[in-house]
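Enquirer: Provided herewith is a single structure, encoded as structure tokens, for subsequent inquiry.
The values are calculated or read from the model by the stated rules, or taken from the named source; none is laboratory data. Note that the structure is a prediction, hence the values are computed from the model and not measured. All Cβ positions, glycine included, derive from the backbone under ideal geometry; neighbour counts span all protein chains shown. Heavy atoms of the whole protein, side chains included, go into the accessibility calculation; ligands, DNA and RNA do not. Shrake-Rupley method; radii C 1.70, N 1.55, O 1.52, S 1.80 Å.
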Number of protein chains: 2
Amino acid sequence: MRIGIIGAGTVGSTLGKGWAKHGHQVMYGVRDPRGTSASRVLAATGTGAQVGSVSDAAAFGTAVVLATPWQATRDALAAAGDLDGKPLLDCTNPLKPDLSDLETGHTSAAEQIATWVPRARVVKIFNTTGAENMANPVYAGQAATMFYCGDDGAAKEIAAGLARDLGFEPVDAGPLTSARLLEPLAMLWITLAFRQGLGRTFAFKVLRH
Amino acid sequence: MRIGIIGAGTVGSTLGKGWAKHGHQVMYGVRDPRGTSASRVLAATGTGAQVGSVSDAAAFGTAVVLATPWQATRDALAAAGDLDGKPLLDCTNPLKPDLSDLETGHTSAAEQIATWVPRARVVKIFNTTGAENMANPVYAGQAATMFYCGDDGAAKEIAAGLARDLGFEPVDAGPLTSARLLEPLAMLWITLAFRQGLGRTFAFKVLRH
């Protein structure tokens, strides 16, 4: 396949290298095709890769990959020109420049709850999976992950221990504001279970070496 | 440990049963402690479990578990009474009653991008993990999951194939609006990698039987 990759940063260049190895033809689209970063990416990707302008890469690809920093995305699409009917693989994330949060604006039930009971030590936990997994979170010897977050270390240790008692591998996701991430993860579980046909017996796991 | 569980639905009763098996003392707090659902839960949980009012359970627990439907949560907390200093394990999700979405209000970069290039066939993909995983997504023989979503079936098939070429297990997360779930998942990856000390070599996996 011919793949145009808009953006030759870490994500774009890693994807391009993998696909080039797999026999796909890759063209990176960058703002300055004659710049040093362009030639560095080209050298790293090896055979089958080219560098051009953003519009060159967009025209080249039967599929186009969007791997730009969020703040540069709109301009990159304007520079891309005609993308009509093309599969556009969007790898962007609407991150603030310091990676501290998403820019899409969201809050969480957990933070709301903490305002209702301000002297309780709220931990978000047991919200990202179904009851079947709470009854048995082990898949072929592997413990499913239970993410949790909160602002009180001692309360979090209690919560993590209670997850471990059920057979989960607890993973600390940080302060209570991380509930903004764990509640959408619950919605992803629900979507996969009930709309995408996975049913109720699957679970999320953090794989590590 | 003494655990008070507010709400005796599927999640609350499954957690209580697991902890009772593990030797913890469990009390469910429900609106009607003499109702049939309360006695059913009690029978299912077995030894070590009790049922009381919401405030009984809150007072009983050294840790209190909040397992209510979102719409009932505020009233349940008001009924709970004093939770000062208690670990409050929040298992709720701010779901709309039909489970169609979160109520916390959020949007996605992908949907914004689709308005900028309305004739491209946008697929959200390759946003939920780091470049190391894109270079090698296999952990001890297990392929990391690559979630993707979009509104065009053929474009999604192309995107899934390109994920498979890199060694990922692609998992279809539904329509492009599911990017509202995949972008927070990216932020969770970033949070775990850079703030919670997991580093860049871990990946999300859907475990199945």
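Enquirer: Is it the case that the stretch A:82-91 has a residue that's open to solvent by 20 Å² or more (accessible area, probe 1.4 Å) and among the aliphatic types (A, V, I, L, M)? Spell out how you get there, then give the answer.
Expert: So in the stretch A:82-91, the residues open to solvent by 20 Å² or more (accessible area, probe 1.4 Å) come out as A:82, A:84-86.
Filter once more, keeping what is among the aliphatic types (A, V, I, L, M): none.
Within the stretch A:82-91, not a single residue is open to solvent by 20 Å² or more (accessible area, probe 1.4 Å) and among the aliphatic types (A, V, I, L, M).
Enquirer: Quick one: which residue in B:ALA203, B:ALA131, B:ALA155 is touching a Lys or Arg at 6+ places or on another chain (Cβ under 9 Å) and buried (at least 24 other Cβ atoms within 10 Å of the Cβ)? Reasoning before the result, please.
Expert: Numbers: B:ALA131 fails: buried (at least 24 other Cβ atoms within 10 Å of the Cβ); B:ALA155 fails: buried (at least 24 other Cβ atoms within 10 Å of the Cβ).
Unique residue meeting the criteria: B:ALA203.
Enquirer: A follow-up question, please. Quick one: in the stretch B:129-186, which of the residues that are outside any helix (DSSP H, G or I), closer than 21 Å to A:GLY4 by Cα and among the acidic types (Asp, Glu) is farthest from the other protein chains (Cβ to nearest Cβ)?
Expert: B:ASP151
Enquirer: Hey, can you tell me all the residues within the stretch B:187-197 that are outside any helix (DSSP H, G or I) and at the interface with chain A (Cβ under 7 Å from one of its Cβ atoms)?
Expert: B:GLN196
Enquirer: Related question: Please go through (1) at pLDDT 85 or above; (2) at the interface with chain A (Cβ under 8 Å from one of its Cβ atoms) for B:THR104 and return the number of the only condition it doesn't satisfy.
Expert: (1)
Enquirer: Please go through the stretch B:19-38 and pick out each residue that is within 12 Å of chain A (Cβ to nearest Cβ) and under 17 Å from B:THR62 (Cβ atoms). Write out each step before concluding.
Expert: Step one: of the stretch B:19-38, the residues within 12 Å of chain A (Cβ to nearest Cβ) are B:19-24, B:26.
Selection gives B:TRP19, B:ALA20, B:HIS22, B:GLY23, B:HIS24, B:VAL26.
Enquirer: When you look at A:ALA44, is it open to solvent by 20 Å² or more (accessible area, probe 1.4 Å) and of a type outside the set (Lys, Arg), yes or no?
Expert: Numbers: open to solvent by 20 Å² or more (accessible area, probe 1.4 Å): yes; of a type outside the set (Lys, Arg): yes.
Yes, satisfied.
Enquirer: Quick check on A:ARG119: is it within 7 Å of chain B (Cβ to nearest Cβ) and either among the polar types (S, T, N, Q) or more than 24 Å from the chain's Cα centre (by Cα) (or both)?
Expert: Taking the combined requirement at face value, the residue satisfies it.
Enquirer: Moving on. Could you check A:ARG74 against (1) more than 10 Å from chain B (Cβ to nearest Cβ); (2) over 18 Å from B:LEU166 (Cα atoms); (3) touching a Phe, Trp or Tyr at 6+ places or on another chain (Cβ under 9 Å) and say which number it fails?
Expert: (1)
Enquirer: Would you check if A:ARG200 is modelled with pLDDT of 90 or more and more than 9 Å from chain B (Cβ to nearest Cβ)? It would help to see each step written out before you state the result.
Expert: Values: modelled with pLDDT of 90 or more: yes; more than 9 Å from chain B (Cβ to nearest Cβ): yes.
Judged against the criteria, A:ARG200 is a match.
Enquirer: Right, another one. Which residue is nearest to A:ILE5 (Cα to Cα), if the candidates are limited to the stretch B:96-128 and must be basic (Lys, Arg) and open to solvent by 70 Å² or more (accessible area, probe 1.4 Å)? Spell out how you get there, then give the answer.
Expert: Going residue by residue through the stretch B:96-128, those that are basic (Lys, Arg) are B:96, B:119, B:121, B:124.
Next, only the ones that are open to solvent by 70 Å² or more (accessible area, probe 1.4 Å) stay: B:96, B:119.
Numbers: B:LYS96: 38, B:ARG119: 18 Å.
The residue in question is B:ARG119.
Enquirer: For B:ALA67, only one of the following conditions fails: (1) buried (at least 22 other Cβ atoms within 10 Å of the Cβ); (2) farther than 21 Å from A:ARG119 by Cα. What is its number?
Expert: Only one criterion in (1) buried (at least 22 other Cβ atoms within 10 Å of the Cβ); (2) farther than 21 Å from A:ARG119 by Cα is unmet by B:ALA67, namely (2).
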